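Scroll down for the structure; my scribbles are underneath it.
FYI, it's all coordinate maths here, none of it is from the lab. From a predicted model like this one, the values you see are computed outputs, not experimental measurements. Every residue, glycine as well, gets a Cβ built from its backbone with ideal geometry; the counts of neighbours run over all protein chains shown.
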Amino acid sequence: MITVVSGQPRSGTSLTMQMLAAAGYPIYWNRQPNFGPANPRGYYEIENESFNDMPAAEVWQKCEDQFVKVFPHNWMHICQPYEFRIIYLDREPNRVALSQVQMMKLEEQKKIDTFEELEPITRSWREHCLEQLKGYHHIVLQFDDLFTGAAQEQLGAWLGANPEQIQRMKDCVVPSLRHF
């Protein structure tokens, strides 16, 4: 079983990976460096190039029995013979777009999209993702619930976590790092 943590950028996927690691779940990532100005505690992602450099089955073989962060545009690489389940982080499209613009400014990326360009794209992606999830065993967690403890309770119940693991997931959240 491979558990995919997914959502649009700036929806809490990195925080969720950090929570899972704090609770003792095995996670897989290969992005280096793992952190940046917009995410000082780590991204915990698979490099997009991984799917370009080798067959998807080889990428998934490295992830078997682990939690791995994969953005929705790479869901097309989900393949047999592996079994997948998805933890999807949902955030309002307008807030995703605003956060992405702020992140690009913070990280001084050369191409900065505007909110007006990003918001319709994030809205369309959200609709697409929520439709695609229907084909997988999944849970949808709301971004804001990551900061109240509700998401950790829901995720813990879905994973069969014990109370100590759920508390470690809650303790991992640093509200001052809440993005934009």
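About its Cα centre, the dipole of the chain is roughly 300 debye, where the only charges are +1 on Lys and Arg Cβ and -1 on Asp and Glu Cβ.
Could you tell me the calculated FRET efficiency between TYR25 and GLU116, based on Cβ-Cβ distance and R0 = 35 angstrom, to the nearest 0.05? Plugging the Cβ-Cβ distance into 1/(1 + (r/R0)^6) gives 0.35. Applying 1/(1 + (r/R0)^6) with R0 = 22 Å to the Cβ-Cβ distance of ALA157 and GLU64 gives a FRET efficiency near 0.35.
Each of GLN132, MET1, TYR25 was scored by the projection of its Cα onto the charge dipole of the chain, and the greatest displacement toward the positive side belongs to TYR25; charges sit on the C-beta of Lys, Arg, Asp and Glu.
Our coupling estimate for segment 14-30, obtained by passing each phi through the Karplus curve with A = 6.51, B = -1.76, C = 1.60 and θ = phi - 60°, is 5, 4, 5, 4, 5, 5, 4, 5, 4, 7, x, 7, x, 10, 10, 7, 9 Hz, Gly and Pro reported as x.
By the beta-carbon count within 10 Å of each Cβ, the least crowded to most crowded order of PHE35, PHE67, fewest first, is PHE35, PHE67.
At a threshold of 8 angstrom on Cα-Cα distance, excluding pairs fewer than six apart, so keeping six or more, what relative contact order does the chain reach in percent?
Values: 264 pairs, mean separation 53.5, N = 180.
It comes to 30 percent, rounded to a whole number.
Calculated FRET efficiency, GLN142 and ASN34, Cβ-Cβ r, R0 22 Å, to nearest 0.05?
It comes to 0.30.
With neighbour counts taken as other beta-carbon atoms within 10 Å, the residues SER6, SER124, SER176 rank, fewest first, as SER176, SER124, SER6. Can you tell me which of VAL59, VAL70, VAL96 moves the most in a GNM of the chain? Springs connect C-alpha atoms under 10 Å apart. Among VAL59, VAL70, VAL96, the largest GNM mean-square fluctuation belongs to VAL59.
Taking every DSSP beta bridge that has both residues in the chain, what percent is antiparallel when rounded to the nearest 5?
5
If you take the alpha carbon atoms of the chain and fit the smallest convex hull around them, that volume is 113 Å³ per residue.
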